[in-house]
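Participant: Could you have a look at this structure, given as C-alpha cells, before my questions?
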Amino acid sequence: MSGFIDKCSRDAPLIMGIVNVTPDSFSDGGVYLAADKAIEHGKLLLKEGADILDIGGESTRPNAETVSVEEEIERVSPVIEGLAAYAPYISIDTRNAATMQAAIQAGANIINDVSGLTHDPDSADIVAQSGLPVCIMHMQGNPQTMQNAPAYKNVIDEIMAFFEERLAFCSRRNIGSKNIILDPGIGFGKTLEHNLLIIKNINKFKVFNCPVLLGTSRKSFIGNLCCEPKPEGRIFGSISAALYGLENSVDIFRVHDVKETKQAFTVHHAIASAL
C-alpha cells in the first residue's frame, strides 16, 4: 500500500467519502444502517468522485454510546465486502483491534482510528502486521467526555506533541512513518476557537512529512458560527473550510458531500492553473 501514501503527495487532494453504518451518527445516523443502503451510498460517492470510502460502525459523535465489537463487525463487514470490488481504497473507521482485523479480511486497506491507537492495546499489532496505512487522530478525552469543557494551554503545540509521541510509539511498534496519516481531530475535544485555530494552522502539521487529513464536514463548529442547527444545512460552510485546507497543503478531506466538494476543488484548481 505504499502507493497510497505516494498518491497523497500528488497535486490533487484525495476525497474520503463517509459511509456511516450506524443508527446515531450526528449527520446521517440510521440512513445507511442497512447494508444494502450503505453499499448503494458508497457506490454513489465513488461515482461522485470519492477516492476513498471511510466505513464506520460506531458513532464517535459527542456523547455517543459505545457498541459491542461484535455488533460493530456485523455492521461493517458486509458493507466492506460489498464495496471492495468497486473502491480502490476502503478505510475502516474503528478504535477496536478485532474490528480492524475483520475489516481487513473483508477488504479494507486503510485503518482510521480516532483514538490514535490509544484505545485498544492490540490495535498497533494489527496495523503493524497488516502493513496498511493508518490514520492517527488527536482527541482530548473520549466521545463520551470530549466536549465537557475541553481546555488547552496551546492547542497547536499540544496536538504537535501528541503526534510526535504517537510517531515515536508507532516506530517502536514497527509501524513506519511512511504509512501514517495525521488528523488533528476537528470537533474531538475542541471548542469553536480551538477548531478555528487548528484549521488556520493546518499546514504546521506537515512538518512530520506525513499526509494530513482534515475532517470538517457538517460539524457543529460550522453550525455555531452560522446559527445552523441542522448538519445538512452546513454544506457551504464545510466547503469553505475545505477550500482553506486545500490552500494550505491538506492531502485528504473526509466529507459527507463528495459531489459538492469535488466541484469546488475542480473550479479552484482551474482558476489557480489559468494562464
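Participant: Being in contact with a helix residue (DSSP H, G or I) (Cβ under 9 Å, 6 or more places away or on another chain) and at pLDDT 95 or above is the requirement here; does Gly223 meet it?
Facilitator: In short, yes.
Participant: Can you confirm whether the stretch 160-171 contains a residue that is in contact with a helix residue (DSSP H, G or I) (Cβ under 7 Å, 6 or more places away or on another chain), in a loop (DSSP other than H, G, I, E, B), surrounded by fewer than 22 Cβ atoms within 10 Å (Cβ to Cβ) and at pLDDT 95 or above?
Facilitator: Within the stretch 160-171, not a single residue is in contact with a helix residue (DSSP H, G or I) (Cβ under 7 Å, 6 or more places away or on another chain), in a loop (DSSP other than H, G, I, E, B), surrounded by fewer than 22 Cβ atoms within 10 Å (Cβ to Cβ) and at pLDDT 95 or above.
Participant: How about the stretch 141-170: which of its residues are farther than 18 Å from Lys200 by Cα and of a type in the set (Val, Ile, Thr)?
Facilitator: Residue satisfying the conditions is Thr145 alone.
Participant: Let me ask another. Which condition does Ala151 not pass, out of (1) part of a loop (DSSP other than H, G, I, E, B); (2) of a type in the set (A, V, I, L, M, F, W, C); (3) touching a Lys or Arg at 6+ places or on another chain (Cβ under 7 Å), if it passes all the others?
Facilitator: It is condition (3) that Ala151 fails.
Participant: Any idea which of (1) of a type in the set (A, V, I, L, M); (2) more than 17 Å from the chain's Cα centre (by Cα); (3) in a helix (DSSP H, G or I) is the one Ile198 doesn't satisfy?
Facilitator: Every condition holds for Ile198 apart from (2).
Participant: Kindly evaluate Phe253 against the criterion of being in contact (Cβ under 8 Å) with a residue 24 or more places away in the chain and part of a strand (DSSP E or B).
Facilitator: yes
Participant: Follow-up question, since we're still on this one. Condition (residue is among the β-branched types (Val, Ile, Thr) and part of a strand (DSSP E or B)) applied to the stretch 66-89: is it met by at least one residue?
Facilitator: First, the residues of the stretch 66-89 that are among the β-branched types (Val, Ile, Thr): 66-67, 69, 73, 76, 79-80.
With the extra rule that they be part of a strand (DSSP E or B), the set shrinks to none.
For the stretch 66-89, residues among the β-branched types (Val, Ile, Thr) and part of a strand (DSSP E or B): absent.
The values are calculated or read from the model by the stated rules, or taken from the named source; none is laboratory data. What you see is a predicted model; the values in this text were computed from it and never measured. Cβ sites come from the backbone with ideal geometry, for glycine too, and all protein chains shown count toward neighbours.
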